[in-house]
Amino acid sequence: MDGGTFDVLVVGGGINGAVSALALSSHGLRVALVERHDFASGTSQESSCMVWGGFKYLESRDLKLVAGLCDSRNRLAKAFPTRLAETRFLAAMDHGAPFPPWFASLGAVAYWGLGRLATQPPRHRPTETIERLEPAVDTSLVRGGIEYSDYLLVDNDARFVSELALQSTRHGAVIANRVEVMAATHATDGWRIGLRDLAGGRDLEVTAAMVVNAGGPYVPDVGRLTGTTTEHRLVFSKGIHLVVPQITDSGRILAFFDDHERLFYLLPMGERSVIGTTDTPVAGGVGHRGGQVVPARADQRPGGSAPAALLR
Ligand SMILES: Cc1cc2nc3c(=O)[nH]c(=O)nc-3n(C[C@H](O)[C@H](O)[C@H](O)COP(=O)(O)OP(=O)(O)OC[C@H]3O[C@@H](n4cnc5c(N)ncnc54)[C@H](O)[C@@H]3O)c2cc1C
């Protein structure tokens, strides 16, 4: 990488950096990708591993957005059939749900249609069926529900991202972890980028016609290094998952509405179940302790009392 000349330097080895490197290199561009920690060590290892078409955005009637997201989801599922698994989502709706089950069923059919019928069709699920399919759900407050399909990463998010980054090397991309972008200046022949090899303790330099800022929550910091500004601003938010002993072995994702009519999920993860997530605004940037966002005591009850009320 040192002294190299590239068409594109991608900064950040999360999902956006990895997929940028793969897409650009597979189109014949000379690509370098640098990540200052390890690939997928940031936000991209903290996700719920769902690959979804944005069911919840139907609430704001943004059909174009949902159709676009479903299209991306379908293309990803087709490109990585062994990495993405179609998974059934069962949404049980109690009085806290913002709409009745019959209306949600209409939404699920619309979602299936916007997804070009690429998955199994959705189904309305009466309370008795939910009781039978998922005995862990306390149906005493449930009015009915819907079952529909989206996708889940078969392994996990970090592995998926790392594989995409590695795959880009087959198209000639040069990738490095533990390498941080320290400075960037724009000259007539493109960008001169100063890098720090954190493992080897030495400085490197590359030139690139273009820089892709895939810094995730650090996009503004990378933007400051390159001197680029946009009118867009990041709004920071923290999400917490609760990992508990396995609640259901059906493989389904269970979905519930919390006390604030927000959807949260019970996700399968090997011999565990994962409940989440919260979505708490974080003022002023990424909350840190050694680079990690950390849970607080108040995060321990996503959705207030909802998980306790709807699970036996
Ligand atoms: C709780 C939670 C649940 C989620 N669930 C889902 C889900 O189920 N499905 C879904 O699709 N999305 C989900 N998301 C969103 C998804 O995780 C993020 O959109 C995605 O991971 C963002 O990836 P990124 O590549 O933009 O950023 P990141 O993964 O944060 O990567 C940015 C990288 O840039 C690196 N970097 C920064 N500055 C420099 C520098 N100067 N030099 C070199 N490297 C640098 C950082 O070290 C970091 O690794 C979830 C998010 C959260 C928080």
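The values are calculated or read from the model by the stated rules, or taken from the named source; none is laboratory data. Values in this document were obtained by computation on a predicted structure and should not be read as measured data. As a convention, Cβ positions derive from the backbone with ideal geometry for all residues, glycine included, and neighbour counts pool all protein chains shown. In case anyone asks, the SASA skips ligands and DNA or RNA and just uses the protein heavy atoms, side chains included. Shrake-Rupley method; radii C 1.70, N 1.55, O 1.52, S 1.80 Å.
List of remarks:
- Failed criterion for residue 235 (all others in (1) open to solvent by 60 Å² or more (accessible area, probe 1.4 Å); (2) within 11 Å of the ligand (Cβ to nearest atom); (3) under 30 Å from residue 183 (Cα atoms) hold): (2)
- Condition met for residue 215 (closer than 30 Å to residue 191 by Cα, buried (at least 19 other Cβ atoms within 10 Å of the Cβ) and within 10 Å of the ligand (Cβ to nearest atom)): yes
- Scanning the stretch 174-195 for residues that are open to solvent by less than 70 Å² (accessible area, probe 1.4 Å), within 15 Å of the ligand (Cβ to nearest atom) and not acidic (Asp, Glu) yields 174, 175, 176, 177, 179, 181, 183, 184, 191, 193, 194, 195.
- When residue 201 is tested against (1) within 14 Å of the ligand (Cβ to nearest atom); (2) modelled with pLDDT of 90 or more, exactly one condition is not met: (1).
- Residue check, residue 228 at pLDDT below 95 and either in contact with a His (Cβ under 9 Å, 6 or more places away or on another chain) or of a type in the set (Val, Ile, Thr) (or both): yes
- Among (1) among the β-branched types (Val, Ile, Thr); (2) outside any loop (DSSP other than H, G, I, E, B); (3) out of contact with any helix residue (DSSP H, G or I) (no Cβ under 9 Å at 6 or more places or on another chain) - the single one residue 193 does not satisfy: (3)
- Residue 158 vs. criteria of a type in the set (Gly, Ala, Ser) and within 10 Å of the ligand (Cβ to nearest atom): yes
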